[in-house]
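Engineer: Got a structure for you, written out below as structure tokens; questions coming shortly.
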Amino acid sequence: MKFFENFKFDNLFGKKKIDQNLLDRFEEILIESDVGTEVASNLKEEFKKEKIGKEIKNEKEIFDFLAEQISKILKPHEKNLNNLNKNSPSIVVIAGVNGVGKTTTIGKLGKLFKNQGKKIVFGAADTFRAAATEQLELWSKKIGADFVKSDLGTDPASVGYKTAKFAEENKSDIAFIDTAGRLQNKKNLMEEYKKIFTVLKKINPKYPHETILVLDATTGQNALNQVEEFKKISNITGLIVTKLDTSAKGGILLAICKKFGLPIVAVGMGEKESDLHSFNSEQFSKMLVQN
């Protein structure tokens, strides 16, 4: 995945020296890469301060500059994965719209914590799709996690309740509660999502300890709308961004961090169990601008 794979910086900076017209084009490229207008403007100004009137030796110099600046923006938003298990049990709700990879992400998270010797339970609160329950159950068997489910069409909140109670009674370290792929513009579905939180808080006002929103990196600017709508219902405590192994630019993360200031927990780089990684701003920034 290359942040600027559709643009040839060696052509753009062929003049060797930076002038205002070239800076404006630089800003356009950033905006087209989903970083958002404010971030693009800030990066342009930083680039102007550093480089205007100076000779550019090669394309790598530009990529290195961008990687450093992007890392500075994202560094304050790093959130260590281990922070998801600060309580006993830790109750974690996984949210997101259809198709972002929530269930697979839960499986990978469970595997990571299982490798640390933690006792895991999965709750299949996506009761609208039999395939989602089956997929999560397969993951539970694969990694040796406990599993809580109900019949298809059951109230999702009741599964959330059962999962939290199971975690308490069985001394689980961490419970991951899967939710149906809510479309943020479908009011009835979002109301059912909201009910999960209401029911959990009846068990313990501190539940859930974490609500992680999963975003698909290929979504682009629509991801901003998703974050905004989910934030209206629940306190989003972190983001996981999936499908960064595709041609997705991933620049939308900068726009999200600038607008909402949310922590980034992890990034998904593929389908394998080992393809979910704690978010590291420096590594991520280098990956974004690799040439």
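Engineer: Among strands (runs of 3 or more DSSP E) lying entirely in segment 71-169, which contain 1 or more residues that are of a type in the set (D, E, K, R) and within 22 Å of V199 (Cβ to Cβ)?
Structural biologist: Working: elements: 90-95, 120-125, 146-148.
Hits in segment 71-169: 146-148.
Engineer: Mind checking which pairs have a first residue in segment 205-216 that is hydroxyl-bearing (S, T, Y) and a second that is in a strand (DSSP E or B), Cβ under 7 Å, 6 or more apart or different chains?
Structural biologist: Y207/I91; T211/V93; T211/A95
Engineer: So, one more: Would you say E168 is surrounded by fewer than 18 Cβ atoms within 10 Å (Cβ to Cβ) and either over 16 Å from V100 (Cα atoms) or free of Cβ contacts under 8 Å to residues at least 60 places away in the same chain (or both)? Walk me through it before giving the result.
Structural biologist: On the way: surrounded by fewer than 18 Cβ atoms within 10 Å (Cβ to Cβ): yes; either over 16 Å from V100 (Cα atoms) or free of Cβ contacts under 8 Å to residues at least 60 places away in the same chain (or both): yes.
Against the criterion (surrounded by fewer than 18 Cβ atoms within 10 Å (Cβ to Cβ) and either over 16 Å from V100 (Cα atoms) or free of Cβ contacts under 8 Å to residues at least 60 places away in the same chain (or both)), E168 qualifies.
Engineer: Please work out which residue is surrounded by the most Cβ atoms within 10 Å (Cβ to Cβ), limiting yourself to segment 125-150 and to residues that are small (G, A, S) and modelled with pLDDT of 95 or more. It would help to see each step written out before you state the result.
Structural biologist: To start, the set of residues in segment 125-150 that are small (G, A, S) comprises 125, 130-132, 140, 144-145, 150.
Subset that is modelled with pLDDT of 95 or more: 140, 144-145.
On the way: S140: 22, G144: 11, A145: 25.
Within segment 125-150, the match that is surrounded by the most Cβ atoms within 10 Å (Cβ to Cβ) is A145.
Engineer: Which ranges mark the strands (runs of 3 or more DSSP E) fully within segment 212-291 that have 2 or more residues being within 16 Å of K102 (Cβ to Cβ)? Steps first, please.
Structural biologist: Working: elements: 238-242, 264-268, 276-278.
Strands (runs of 3 or more DSSP E) meeting the threshold: 238-242, 264-268.
Engineer: Same structure again: Would you pick out the residues in segment 270-291 that are in contact with a helix residue (DSSP H, G or I) (Cβ under 9 Å, 6 or more places away or on another chain), at pLDDT below 85 and surrounded by fewer than 17 Cβ atoms within 10 Å (Cβ to Cβ)?
Structural biologist: E271, K272, E273, S274, D275, Q290, N291 - these are the residues of segment 270-291 that are in contact with a helix residue (DSSP H, G or I) (Cβ under 9 Å, 6 or more places away or on another chain), at pLDDT below 85 and surrounded by fewer than 17 Cβ atoms within 10 Å (Cβ to Cβ).
Engineer: Can you tell me which residue is surrounded by the fewest Cβ atoms within 10 Å (Cβ to Cβ) among those in segment 247-269 that are out of contact with any strand residue (DSSP E or B) (no Cβ under 9 Å at 6 or more places or on another chain) and more than 16 Å from N222 (Cα to Cα)?
Structural biologist: Here the answer is G261.
Conditions (1) aliphatic (A, V, I, L, M); (2) surrounded by fewer than 18 Cβ atoms within 10 Å (Cβ to Cβ); (3) at pLDDT below 95; (4) in the same structural domain as N115 (by TED's automatic domain parsing), marked per residue:
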position: G160; (1), (2), (3), (4): no, no, no, yes
position: A175; (1), (2), (3), (4): yes, no, no, yes
position: T179; (1), (2), (3), (4): no, no, yes, yes
position: K186; (1), (2), (3), (4): no, yes, yes, yes
position: K206; (1), (2), (3), (4): no, yes, no, yes
position: L215; (1), (2), (3), (4): yes, no, yes, yes
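The values are calculated or read from the model by the stated rules, or taken from the named source; none is laboratory data. Just so it is clear, the structure is predicted and the values come from calculations on it, not from any experiment. Positions of Cβ are backbone-derived with ideal geometry, glycine not excepted, and every protein chain shown enters the neighbour counts.
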